[in-house]
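Take a look at the structure below.
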Amino acid sequence: MGKRDDLIAQYADDLRNKCGMEPDMDLLTKVTIGCGPAIYNADASTVAATQPAELETVKNNFLMKKLGLADSPDLMAAINSVIETYGRSERNKYRAVVYYMLTKHFGKDSIYG
């Protein structure tokens, strides 16, 4: 297995054990690939949930640009809901896991079809 496969296995483990959901491995793999080289960078691979600017970046670059959602208060509410599910005290909130949960939340799986 390559490094990406190891990371996908780690993300799946987080989804099962920290978020209480069984991951759709095909979608998780596609979301992870969609994150590009960021998954290999220690800083870029995680979402700094305590930094408002970081959450705005997730909203603008992922929810609006990638998923094609219109700007609304629902977007930030969904991000906060995902952060709560992951666990606010959880130090490493992996970007691929957060993006996966947001994709599921908005039912946008087809974007990765």
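The values are calculated or read from the model by the stated rules, or taken from the named source; none is laboratory data. Keep in mind the model is a prediction, meaning the values are calculated, not measured. When we count neighbours, we look across all protein chains shown, and the Cβ atoms used for this are built from the backbone with ideal geometry, even at glycine. The area values use the complete protein model at the heavy-atom level, side chains included, leaving out ligands, DNA and RNA. Shrake-Rupley method; radii C 1.70, N 1.55, O 1.52, S 1.80 Å.
Work out the length of the dipole vector of the chain about its Cα centre, built from +1 on the beta-carbon of each Lys and Arg and -1 on the beta-carbon of each Asp and Glu, and round it to the nearest 20 debye.
Details: 14 positive and 15 negative charges, 30 e Å.
Its charge dipole is roughly 140 debye.
Average accessible surface for region 5-113: 50 Å² per residue, computed with a 1.4 Å probe over protein heavy atoms with every protein chain in place. What pairs in Lys3/Lys65; Lys3/Lys59; Lys66/Lys104; Lys18/Lys65 have C-alpha atoms more than 25 Å from each other? Listed pairs above 25 Å: Lys3/Lys65; Lys3/Lys59; Lys18/Lys65. Spin-label model, Glu54 to Arg4: label points 7 Å out along the Cα-to-beta-carbon direction sit 2.5 nm apart. Classify the chain from the C-alpha gyration tensor, please: rounded if a/c falls under 1.5, else prolate or oblate depending on whether a/b exceeds b/c. Note, shape of the chain comes out rounded. Across the options Met64, Gln10, Gly87, the greatest Cα extent toward the positive end of the charge dipole of region 1-89 (unit charges at beta carbon of Lys, Arg, Asp, Glu) belongs to Met64.
Determine the shape class of region 61-109: with a ≥ b ≥ c the square roots of the Cα gyration tensor eigenvalues, call it rounded for a/c under 1.5, and otherwise prolate if a/b is greater than b/c, oblate otherwise. Could you put the intermediate results ahead of the total?
On the way: a/c = 2.10, a/b = 1.61, b/c = 1.30.
Taking the square roots of the gyration eigenvalues as a ≥ b ≥ c, region 61-109 is prolate.
Heavy-atom accessible area with a 1.4 Å probe sorts Ser110, Ser89, Ser45, largest first, into Ser89, Ser110, Ser45.
Classify region 1-53 from the C-alpha gyration tensor, please: rounded if a/c falls under 1.5, else prolate or oblate depending on whether a/b exceeds b/c. Can you show the working numbers first?
Working: a/c = 1.88, a/b = 1.19, b/c = 1.58.
Note, shape of region 1-53 comes out oblate.
Solvent-accessible area assigned to carbon and sulfur over the chain amounts to 49 percent, based on a 1.4 Å probe.
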